[in-house]
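The values are calculated or read from the model by the stated rules, or taken from the named source; none is laboratory data. Note that the structure is a prediction, hence the values are computed from the model and not measured. In this analysis, Cβ positions are derived from the backbone assuming ideal geometry, glycine residues included, and neighbour counts consider all displayed protein chains.
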Amino acid sequence: MLDIDKRLVSFILNNHLLSLATSKDNFPYSANCYYVYNKDKNCLIFSSDPHTNHAKQFIKNNNVAATIAIDNNDYMQIKGVQLLGKIQPIKLDDLKSATQRYLAKYPYAEDFPLHLWFFEINFIKMVDNNLGFGKNIVWKKD
């Protein structure tokens, strides 16, 4: 298991909406995706049709950025994470487990075509103003 601060893990586990940022040929794009966190692999599992703009981009350039944040008007309650990582297709031997995890959290997704991907996280920066204004927790993959 990776040595990741429990506050980072807890925040990611207890949220569900990822704002994904992609880029290809100096053209950026973003999209929101529901995710499930696999803490053993330190990756997010999300579904995205390969024909969408953001998927076309991360298929060509798998280096991505993302945020997960809580919507709050009070600046002292701001809390969220910034992520860097790589998108990988899910290999056949991991597909069943990934699908089970995703559908356990989003059972209604069973009615839609799933195109699951791994977001392999290699950097996390958490802003949590409850710790003090401007205080951050940072984790980086070795």
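Overview of results
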item: Selection count, region 67-78, where residues are outside any strand (DSSP E or B) and either surrounded by 14 or more Cβ atoms within 10 Å (Cβ to Cβ) or of a type in the set (A, V, I, L, M) (or both); result: 3
item: Filter result (within 15 Å of the chain's Cα centre (by Cα) and either assigned to a strand (DSSP E or B) or surrounded by fewer than 17 Cβ atoms within 10 Å (Cβ to Cβ) (or both)) within region 79-94; result: Gly80, Val81, Gln82, Leu83, Leu84, Gly85, Lys86, Ile87, Gln88, Pro89
item: Only listed residue being within 16 Å of Leu18 (Cα to Cα) and out of contact with any Asp or Glu (no Cβ under 6 Å at 6 or more places or on another chain), chosen from Ile70, Ile59; result: Ile70
item: Top-ranked residue of region 108-142 - restricted to ones that are closer than 19 Å to Ile45 by Cβ and β-branched (Val, Ile, Thr), ranked as farthest from the chain's Cα centre (by Cα); result: Ile124
item: Whichever residue in region 5-51 is over 19 Å from Ile137 (Cβ atoms) and among the aliphatic types (A, V, I, L, M) and, among such residues, is surrounded by the fewest Cβ atoms within 10 Å (Cβ to Cβ); result: Leu17
item: Cross-chain or 6+ apart pairs with Cβ under 9 Å, region 45-66 first and within 18 Å of Lys91 (Cα to Cα) and part of a strand (DSSP E or B), then modelled with pLDDT of 95 or more and basic (Lys, Arg); result: Ile45/Arg101
item: Residue in region 10-18 that is under 14 Å from the mean Cα position of the chain (by Cα), aliphatic (A, V, I, L, M) and assigned to a strand (DSSP E or B) present; result: yes
item: Where a residue in region 118-134 is of a type in the set (S, T, N, Q) and modelled with pLDDT under 95 and its partner, wherever it lies, is surrounded by 15 or more Cβ atoms within 10 Å (Cβ to Cβ) and not in a strand (DSSP E or B), with Cβ under 9 Å and at least six apart; result: Asn129/Ile78; Asn130/Ile78
